[in-house]
Amino acid sequence: MSFGMKTFYNGTSFKRSDIPVPDNDTFFQGVLDAITAGWRVCSYFGVPTADGATLYCVMSARAGSGILGIAATTVGRTFPSLASLCPQLHLFEREIAEQCLTRPEGHPWFKPVRFQKPLCEGKGFWSETDGGGLTPAVMDFYRVEGDEVHEVAVGPVHAGIIEPGHFRFQCHGEEVFHLEIALGFQHRGIERALIGGPTPRTVHEMETIAGDTTVGHGQAYCMNMESLGGVFASPRAETVRGIALELERLANHTGDLGAIAGDVGYLPTASFCGRIRGDFLNMTALLCGSRFGRGLLRPGGIGYDCDAALVDELHKRLQAAREDLAGAVGLLWDSPSVMARLEDVGIVTAADAREIGLVGPAARACGLNRDVRRDHPFGIFRISQIPVITATTCDVAARTLLRWLEAERSLDFIDEQVQHLPRGTYRNQMKEIAPERCAVALTEGWRGEICHVALTDDRGRFERYKIVDPSFHNWNGLGLALRNQQISDFPLCNKSFNLSYCGYDL
Amino acid sequence: MLKALLTRFRQGHRTMAYPDAPQPLPARFRGLPVIEPARCGDGCRACAAACPYGCISASGSLTLDMGTCLFCADCVAACPHDAISFSATDACLASRTREGLTVTAGEEYHAAVALEGELLRLFGRSLKLREVSAGGCNACEADTNVLSTIGWDLGRFGIQFVASPRHADGMFVTGPVSENMREALLATYAAIPEPKLVIVAGACAINGGPFKDHAEVHNGADGFVPVDLYIPGCPPSPLTILDGLLRLVGRVK
């Protein structure tokens, strides 16, 4: 069911003229049919034209084939909304409206996404302030009316050291009927700045799409630059990138396990994991001097090579951290009071998860067996596989257990890779990127699928560089997880997803 | 219970000795920029040309603005004379003034000095901060959060991040101040009782960082609120943040 989509593999590029541009009916029906047949939308975005936009849809086939597909269609000032039939498209359509000023007709929930200015000249769909901008989180929230129903508004500034976002709960007593999340506070115009790139600044913007996913987004950017430039990263570079990606996953999963323990008031695991997370960050710093991997991934390879002493040190620290982490996390499973607090809280059913298109650990905790490292292997994962873990209970306990099991697999993976680091060059010279081409790169960041699409113009500059952070797929999952839960369960549910505000806001 | 105690025993005591003893840093750490003009070639400004954010002066004596610097070391790679480098051992970078963040070739860098008089008396032994994340990438936030873990244990210095501006003595800003966060930032500042401090951490909050000059951001908190302490880095190492805070309250000199 690929309705004549251009099919390709992850991390490749092809001529833009190879992308089929069917008429609207064929395109929209084709997208619907493909989703019904088990395809999934990775990215759906617009490039503004003089009187509308060209819409591009990047889809992923069912697991097993490794195939991705892309098709496009040209629309005027309106296009038909598919969101009520395919909820996974709902935010993408709102984003297209906000960025390209073309309206999804019949959209069930038509609101701004980031309260940003459009990528083209013209007036947006929503009322504007005197300054010409939108006021973030000022919109019509879904409201529940009735006796004893009340509304709780939280944010943008939160109690801890957390990114800004606004949460609006519709509550009946302690019970949450509905949660609506308004973001956009972190919007800093990354996609607009990328138009006409790449420039010497581009790689730094890629590393700061989401600071805790520097390696995940960096990998996707490097893949696109390499496929557009006809350059390959050496096996040595790809191995170090893989190690860095798994260290990033370990650091964040460890931090989340500690934060979940902290939110249920179990302090031993909370304090131990807070420190052990730092051990993993410091291992990344061992590779490149930065705890977040800044400067490590560069188009063509890696910015810093590893010598034998460094690899030995990394291996030694990894063993110590594995022992510490196993001890710290093991306490959770042995504490009935902890498990009782995690089980049956924040459930997102597998059916809902599939419909809204969850990715990453949040999806796998609902039993959805999807992982870019296996489904669309890239870099080192084309050679060395990591087993995919799923859980079935769909609750906070599942998301907690899954993180620990994934951390174990990542530890095994790094352990194996550091012992067999390929020899050879660590960085190949980059070349000019090719004009009139399209490159697509998917990676599995620690939150899930990251998708970067680059479209170059006739001079080899980015006409559009579209970024999809996993959080863009997953924030709605948090909203659903809160349905019929106590409002006091919010921090716990929120930690179990731990989504990125800045990755969503761009 | 026994298992919890045993695990506690195995995890051991992990709070670092800093500031009583130096804190080890990774060998590839990029701290204080070091410029050696004696090594420069005649009229060579390869470093200035290589900096994507223009933080190295292209004329006059060689200077580097740490407030704009991402510590990416593109300049080091571009220099043919090994005249510029980043110290792997010196993470003491904070400054009380914006101009103070400029590193000049051949001159010693002076890190921040303590608050004076009444402010030091008020905040020297107890400083409560309200953090506002205003458009960054969450890395500065993450490495600020780290200070509250057992390894760093910020609380032992009487410094604490609090949940409300009403409980705070000052505001700790990260991020370039996105237009969408401007109002919330100012409202938070207004809600903090006088006298109050402002600390900005990270290249974003000082000068826009990687997002400098984007139409959607304001190139930092300067200009919106009076700043008392600038902590450079992208993100600053937790050690740089801690050192800056301790210098501000006179615990490190």
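The Cα atoms of segment A:350-506 give a gyration tensor whose axes a ≥ b ≥ c have a/c of 1.5 or more with a/b no greater than b/c, which makes the shape oblate.
Other residues lying with their Cβ under 12 Å from the Cβ of A:Arg201 contribute a combined charge of -3, Lys and Arg counting +1, Asp and Glu -1. In loop segments of segment A:65-109 as defined by DSSP, there are no GluC sites (Glu not before Pro) with at most 11 further C-beta atoms inside 10 Å of their C-beta. Rolling a 1.4 Å probe across all protein chains gives A:Tyr266 an accessible area of roughly 40 Å². Charging the Cβ of each Asp and Glu at -1 and of each Lys and Arg at +1, and nothing else, the dipole of the protein assembly as shown about its Cα centre rounds to 1140 debye. Applying a DSSP loop filter and a limit of 14 other Cβ atoms within 10 Å to the trypsin sites (Lys or Arg not before Pro) in segment A:379-449 leaves A:Arg423, A:Lys431. Under the simplified labelling scheme, the A:Asp33-B:Val113 pair shows an inter-label distance of 7.7 nm, with each label point 7 Å from Cα along Cα→Cβ. With a sphere of radius 12 Å drawn around the Cβ of B:Asp222, what net charge do the other residues whose Cβ falls strictly inside it have (Lys, Arg +1; Asp, Glu -1)? In short, -1. Using R0 = 22 Å, the C-beta based FRET efficiency linking A:Ala159 and A:Ala340 works out to 0.30.
Between A:Lys123 and B:Asp213, the C-beta separation translates, for a Förster distance of 35 Å, into a calculated FRET efficiency of about 0.90.
For segment A:1-101, the dipole from Cβ point charges (+1 on Lys and Arg, -1 on Asp and Glu) about the Cα centre works out to 300 debye, to the nearest 20. To the nearest 10 degrees, how steeply does helix B:2-11 sit against the main Cα axis of chain B, on a 0 to 90 scale? Orientation of helix B:2-11: about 30 degrees from the principal axis. Taking label positions 7 Å along the Cα-Cβ direction at both A:Thr425 and B:Val76, the computed distance is 2.2 nm, reported to one decimal. Toward the positive end of the charge dipole of chain A, with +1 on the Cβ of Lys and Arg and -1 on the Cβ of Asp and Glu, the farthest Cα among A:Ala350, A:Thr239, A:Ile209 is that of A:Thr239. For a quick check, take a GNM of chain B with Cα springs below 10 Å and name the residue from B:Gly223, B:Gly60, B:Gly155 with the largest mean-square fluctuation. Per the Cα network of chain B with a 10 Å cutoff, B:Gly60 tops the list. Spin-label model, B:Ala88 to A:Ser488: label points 7 Å out along the Cα-to-beta-carbon direction sit 5.1 nm apart.
Counting only DSSP H runs of at least 4 residues, each contributing -39500 (n - 2.57), and dividing by the residue count of chain B, the helix-based mean residue ellipticity at 222 nm comes to -6500 deg cm²/dmol. Once A binds B, the 1.4 Å probe can no longer reach about 4400 Å² of accessible area, counting both sides. Separation of segment A:1-66 and segment B:1-80, taken as the distance between their Cα centroids, equals 44 angstrom.
For GluC sites (Glu not before Pro), the sites in segment A:399-500 that DSSP calls loop and that have at most 10 other Cβ atoms within 10 Å are A:Glu432.
The relative contact order of chain A, computed from alpha carbon pairs under 8 Å that lie at least 6 residues apart in sequence, is 18 percent. Shape class for the protein assembly as shown, computed from the alpha carbon gyration tensor (a ≥ b ≥ c): rounded, with a/c under 1.5. Rounded to the nearest 20, the size of the Cβ-charge dipole of segment A:41-175 about its Cα centre is 640 debye, with Lys and Arg at +1 and Asp and Glu at -1. Once you reduce segment A:444-506 and segment B:180-233 to the center of their Cα atoms, the two points are 26 Å from each other. Put +1 on the Cβ of every Lys and Arg and -1 on every Asp and Glu Cβ in segment A:1-127; which of A:Asn24, A:Gly4, A:Ile70 then has its Cα farthest towards the positive end of the dipole? Selected residue: A:Ile70.
Say the dipole of segment B:84-239 comes from +1 at the beta carbon of Lys and Arg and -1 at that of Asp and Glu; which of B:Val198, B:Pro176, B:Tyr230 then lies farthest toward its positive end? Checked the options; the winner is B:Val198.
The values are calculated or read from the model by the stated rules, or taken from the named source; none is laboratory data. The model shown is predicted, which means the values in this text are computed figures rather than measured ones. Here Cβ is always computed from backbone atoms with ideal geometry, including for glycine, and neighbour counts include all displayed protein chains. Protein only, heavy atoms only, side chains kept; ligands, DNA and RNA dropped before computing areas. Shrake-Rupley method; radii C 1.70, N 1.55, O 1.52, S 1.80 Å.
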